[in-house]
Each structure stands twice: as C-alpha cells, then as structure tokens.
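Worksheet for the structure shown next.
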Amino acid sequence: MQPLATTTITRSFQWGIAIILASDGEIPDVDPDAAVSVGRSGLVVTVRQEADIPLFEGDFDWAEVQITVRWLDGAPDLGTRRSLFDGTLSTPRGRFSIGDADDNVKMSTHPGQTRVVVSVDQDWPTDDHHHESLLVDLAPVGHA
C-alpha cells in the first residue's frame with residue numbers, strides 16, 4: 001500500500017523517549033520498565049538515549065534514532081516487523097507531533113481517531129527497550 005505521506009526523523013533523543021502525541025493531547029505517565037506508555041491521546045516509546053554510545057578512540061559521538069512515520073489510508077502491513085503497540089488514539093484535530101521535549105515534527109493524520117501501530121524489526125531483542133529504529137503507522141480506525 002502506498003502511504004499518503006511518509007516522514008523520517010533521524011536525530012539524537014536526549015531523554016531516551018520519543019513522544020507521539022495528538023495536538024492538544026496529554027503526554028501519558030512514563031513507565032520506565034515498559035517499551036511503550038499509553039494514554040488516551042498519546043504514546044511514549046523508549047528509544048536509545050543520545051549519550052548511549054561508546055567512545056571511539058576518545059572521540060564522543062551522539063547516538064541517533066530513526067523514526068519513520070507513515071500516514072496510511074488502509075491497514076498497515078508489518079511484514080517482518082514486530083508490533084510494540086497497536087491501538088487507537090484520540091485525534092480530534094487530525095494532527096500529531098512526533099519528537100520529544102527538545103524538538104518535534106508535526107504531521108497530519110485521520111481526524112477523530114487514529115489507529116497507531118509502532119513496530120520494530122522482528123530480530124530486535126524483546127528485552128531491549130533502547131530502540132534505534134521505529135516504524136509508526138497511522139491508519140484509519142476499523143482497518144485490521
């Protein structure tokens with residue numbers, strides 16, 4: 001299926017979390033032991049913290065995370081990916097922001113409610129919540 005739009009964010013995340021939030025939504029309380037913390041209008045997904053990278057010959061480098069967001073008009077196809085979250089969020093204005101306290105990207109989505117599927121590569125260890133790459137699918141509600 002061809003996405004209506006695709007956005008890829010590649011940057012460091014100082015706080016070790018990525019926030020997916022409907023406009024005017026509330027950030028859910030973060031469970032530090034969970035890969036995803038869920039609220040009515042937003043998610044917090046744990047990602048690799050920016051300083052979480054070894055020094056190489058004394059030279060410091062920030063760790064980066066890649067988040068690809070696809071706005072779909074039908075059901076997402078996970079293929080060889082494993083779902084971290086698959087649920088519905090309230091999106092009354094049809095707008096999302098994806099980022100953290102330092103910066104975020106705004107993106108259109110389905111007004112009213114949006115099915116959100118956050119996935120990782122199926123080979124990513126289930127006990128490692130420091131994700132380096134996420135795929136976030138935004139789909140209309142009712143498409144399984």
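For the range 97-115, a residue qualifies if it is surrounded by 17 or more Cβ atoms within 10 Å (Cβ to Cβ) and in contact with a Phe, Trp or Tyr (Cβ under 9 Å, 6 or more places away or on another chain), and the qualifying residues are 99, 100, 107, 109, 110, 114. In the range 116-136, the residues that are farther than 17 Å from residue 16 by Cβ form Cβ pairs under 6 Å with partners that are among the hydroxyl-bearing types (Ser, Thr, Tyr) and crowded, with 20+ Cβ neighbours inside 10 Å, at six or more places apart or across chains, as follows: 135/119. Note on the range 58-144: enclosed strands (runs of 3 or more DSSP E) holding 3 or more residues that are of a type in the set (S, T, N, Q) are 81-91, 112-121. Within the range 1-60, if we keep just the residues that are of a type in the set (Lys, Arg) and over 20 Å from residue 115 (Cβ atoms), the residue that is modelled with the lowest pLDDT turns out to be 48.
The values are calculated or read from the model by the stated rules, or taken from the named source; none is laboratory data. Keep in mind that this is a model prediction, so the values were computed, not measured. Because the Cβ atoms are built from the backbone with ideal geometry, glycine has one as well, and the counts that use them run over all protein chains shown.
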